[in-house]
Amino acid sequence: MNVSGPSRSGAGDGRGDVIVETRNLSKTYRDFWGRRKKVALKPLDLEIRRGEIFGLLGPNGSGKTTTLKLLLGLIFPTSGEALVFGSEATDVRKNERIGYLPEESYLYKFLDAEETLDFYGRLFDMPPDERRRRASMLIEMVGLARDRKRQLREYSKGMTRRIGVAQALINDPELVMLDEPTSGLDPIGTREMKDLIVDLKARGKTVIMCSHLLADVEDVCDRIAVLHQGELKELGRVEDLLRVGDVTQIRARGLPPAAEAEIREILARHGGTGIEIGNPKTTLEDLFLEVVRDAEARPGRRATASPRAGDDHSTRAG
């Protein structure tokens with residue numbers, strides 16, 4: 001997989017088909033005597049369009065995994081309904097068009113990568129030639145080509161996550177559901193996984209991903225639903241939800257220091273406050289990836305001393 005940064009493309013603009021819909025969908029778990037034990041999901045109304053990457057965001061226990069299991073028909077709703085491809089979620093025939101990566105991958109540890117994908121391909125009644133072709137392509141896609149003959153018991157958690165993604169794609173699904181897809185991955189593996197998710201959209205797939213990691217959702221999702229204690233708290237396009245309406249950002253290259261005072265004067269004249277002029281910061285993820293790539297390109301190079309905090313040239317005006 002390419003380790004270049006993912007570039008989020010636009011979501012469905014409302015013209016796309018709605019392939020997942022929930023109407024007043026709720027789930028309450030009860031004990032042996034039928035007493036209410038936990039409200040896992042309060043009435044939920046969602047529409048997910050074909051070709052978009054939709055994120056279910058929330059802390060652990062917020063109802064994300066419950067929502068996926070309801071859509072897959074693995075559990076039954078207490079009330080409401082869920083429709084996938086226009087059929088009830090309890091209709092298991094629709095699952096032939098779905099790929100699913102659970103939060104914990106349950107794989108046979110004594111099989112290698114090729115045998116694992118061959119096994120799952122058989123579950124979909126794929127012909128032998130098609131199984132071999134898909135398995136080889138997917139192993140390359142998830143970056144396990146050098147480890148294709150190793151038994152899964154020898155895999156790290158990150159490698160197990162990669163083969164889990166490959167098995168979720170063995171049937172070339174239209175809809176891909178990923179539950180915490182970057183769990184157990186290092187920063188490079190996380191970036192590669194996010195690139196893969198964006199590539200799935202480019203291939204015409206619809207992706208639903210659950211995560212509690214904000215950066216992962218921000219980088220790849222077109223729209224998000226924020227859940228908390230089983231209740232939908234926010235829903236919308238990522239760029240709309242993150243936009244700070246009362247702050248104007250101006251960025252320029254090659255600006256001489258002498259221009260700062262003039263810019264401050266203009267902004268202050270128009271009522272601007274909290275004026276900040278300085279150098280933008282990258283993210284720690286991008287810095288880490290840059291350091292690793294540089295180390296691989298120039299082995300043996302040692303790091304130089306970083307400038308002191310007092311040497312920072314950024315300035316702030318109240």
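Quick note: the coordinates plus some simple rules give every number you see, no bench work behind them. For clarity, every value in this text was computed on a predicted model and none was experimentally measured. Cβ coordinates were reconstructed from backbone atoms using ideal geometry, including for glycine residues, and neighbour counts include every protein chain displayed.
Below are the figures for this structure:
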{"quantity": "Any hit, the stretch 154-163, residues being of a type outside the set (K, R), touching a strand residue (DSSP E or B) at 6+ places or on another chain (Cβ under 9 Å) and outside any helix (DSSP H, G or I)", "calculated": "no"}
{"quantity": "Pick from the stretch 95-119, criterion in contact (Cβ under 8 Å) with a residue 12 or more places away in the chain and assigned to a helix (DSSP H, G or I), ranking: surrounded by the fewest Cβ atoms within 10 Å (Cβ to Cβ)", "calculated": "E96"}
{"quantity": "Residue match in the stretch 56-73 (condition: in contact with a helix residue (DSSP H, G or I) (Cβ under 8 Å, 6 or more places away or on another chain), buried (at least 16 other Cβ atoms within 10 Å of the Cβ) and of a type in the set (V, I, T))", "calculated": "no"}
{"quantity": "Boolean, R132 is farther than 30 Å from G63 by Cα, free of Cβ contacts under 8 Å to residues at least 60 places away in the same chain and outside any loop (DSSP other than H, G, I, E, B)", "calculated": "yes"}
{"quantity": "Every residue from the stretch 222-244 that is under 24 Å from A40 (Cα atoms) and surrounded by 14 or more Cβ atoms within 10 Å (Cβ to Cβ)", "calculated": "R223, I224, A225, V226, L227, H228, Q229, G230, E231, L232, L235"}
